[in-house]
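Laboratory data are not the source of any read-out in this text; all were calculated from the coordinates shown. Just so you know, these numbers come straight off a predicted model, no measurement behind them. Counting neighbours? That spans all protein chains shown, and the Cβs are built from the backbone with ideal geometry, glycine included.
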Amino acid sequence: MTTSRADRHLPMLPPDRPAGLSRRALLAGGALGAASYLLPTSLGNARVPAAPAATQALTLAAGETQMKLLGPDGPASRVCAYDGTPFRTLRFPRGSVLDVGFQNGLDEGTTVHWHGIRLPNAFDGVPTLTQPLVQPGGAYAYRVPLEDPGTFFFHPHCDETGQAGRGLAGVLIVEDPRDPAFDAEHVLCLKDWRLAENGGFLPMSEPDGASKAGTFGATRRCNGQPSLALEAPAHGEVRLRILNLDSTRVMDIGVDQGEAALIAVDGHALPPIPLDRLPDGVWRMGPAQRIDLHVRMPAAGGQVRLADYRAAKLYEFATLTATPSARPLRPFRPLALPAAQVPRADLKKAERLTFTLQQATDAAISAAGLPPDDPLAKALLDSLCVGSTTYWGIDQLSWPTGSRRAVPPPLARMRAGRSYRVTVKNGTRYPHPIHLHGHVFEVIGSSSGRLPRHLADTVLVQPDEAAEIAFVAAPGDWVFHCHILEHMETGMMGYFRVL
Ligand code: C2O
Ligand code: CU
């Protein structure tokens, strides 16, 4: 096995994956004490890196809190949040290693997944596959290296429609000292809520949604508000980090006036693209996808409005108002972020694979599984993190649901350090934002010609579209799934086993 990739990828860990961890720990059952964090045993053998990265110790607690989503005079809603702060935002410099003491204050099991971060598989947060479920009152230690600058987030990977539907997500911003200077920066978290008039939650999933485009929330919010009123200096340069944290909705993000350019997707820099050069002047963004925009402010008093143009009813989620400033008006020149430094697939030598996203019928999706005595298969039987019905699959395989709990074999077996080109074909009538854990991939293009070449961790594949991604495989079991959470929980998930 080549270790060069692992050396770069896991500076704090030996190049071999602590493979025994998840199974051993899982089979130990709910033996986790509330105060003891579980660490992979192999960490004790870790080589000390030559120049230790700055380790940042922090605690993180999942729990419930109140949020006034229906306005200041409306009833409060009991939402889920980390550290009692909806969309808690963490900011660290690139090169930091987070030492996270996580505590589960919810009344059901959870885990933390660090979406878009290239990290050791043991900290990826997928119950059964990479770690045991963290029981209520339980704890878990995550070690998260922040090698790539950009806009990321973290969220639970169990009962996601429930926990994420009730707001459980945090923002992780990895700062790069080489970034150009902006006059202002704002973080905008878009998420719709499924609320009843009394502030309580409607069912997060309905069969008619789960089996089609998903179950939508009607209370549209940005950072929990109907619309954000933001300010920035006239003629100033503004950086907006926009996150689609919704469980379901695909959005077309655009600005009504003013100049703006797309400067990063899923955290990773791309050569700036003025928004008016994109199809329809918008960037289409599915659940879990993020963009960074550079917006140039108009003269004092002028406004730039940001909206989702895809919604049947236009949703204006933020307005930027220009405040007086002495800045002269210069021609708009989008500020490029420093080029991303991630492993790039060798496209010529890459192995090619194709996967088809499918609507499941009993005949179409087989229940072929791992042998029942495989510890992973046994463990899954006890896991609570499966949905109740199968509606979807990938290449004739569905992630287990309901009584159908055989863990499917991996979608593919890959070699660590090798390059892969994966074509994702959408054989359904609905769009699917497809996410691969633990990797940054290059979107090479799509059959629609709609996608520019760019780096990402999630790619939105439209009906009848085929998108091609390429990446260098990192060791571990990495799930590959639709980020419309109901689709994922009703079968549209599998994993790549990289050895
Ligand atoms: Cu944000 Cu499994 O993903
Ligand atoms: Cu989907």
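Peptides 198-204, 139-145 ranked from most to least packed give 139-145, 198-204, packing being the mean of other C-beta atoms within 10 angstrom over each peptide's residues.
Evaluating 6.51 cos²θ - 1.76 cosθ + 1.60 at θ = phi - 60° for every residue in segment 119-129, the Karplus couplings come out as 9, x, 3, 5, 10, 7, x, 9, x, 6, 6 Hz, glycine and proline recorded as x. First measure r as the distance between the Cβ atoms of Leu499 and Ala311, then evaluate 1/(1 + (r/R0)^6) with R0 = 41 Å and state the FRET efficiency to the nearest 0.05. Computed FRET efficiency for Leu499 and Ala311 comes out at 0.40. Exceedance of the 31 Å cut-off in Cα-Cα distance is limited, within the set Lys191/Lys212; Lys349/Lys425; Lys68/Lys425, to Lys68/Lys425. Distance from the Cα centroid of segment 126-172 to that of segment 430-454 is 23 Å (rounded to whole angstrom). Summary of packing: across the peptides 74-85, 147-158, the per-residue average of other C-beta atoms within 10 Å ranks them, highest first, as 147-158, 74-85.
The distance separating the Cα centre of segment 188-232 from that of segment 274-303 comes to 22 Å.
You can think of it this way: the chain between Ala229 and Asp176 has 16.4 nm of extra reach, that is 0.36 nm per residue less the Cα-Cα gap. Length available on full extension from Asn198 to Ser448: 0.36 nm per residue minus the Cα-Cα distance, which gives 85.6 nm. Per-peptide packing, taken as the mean over residues of other Cβ atoms within 10 Å, places 99-112, 273-286 in the sequence 99-112, 273-286 from highest down.
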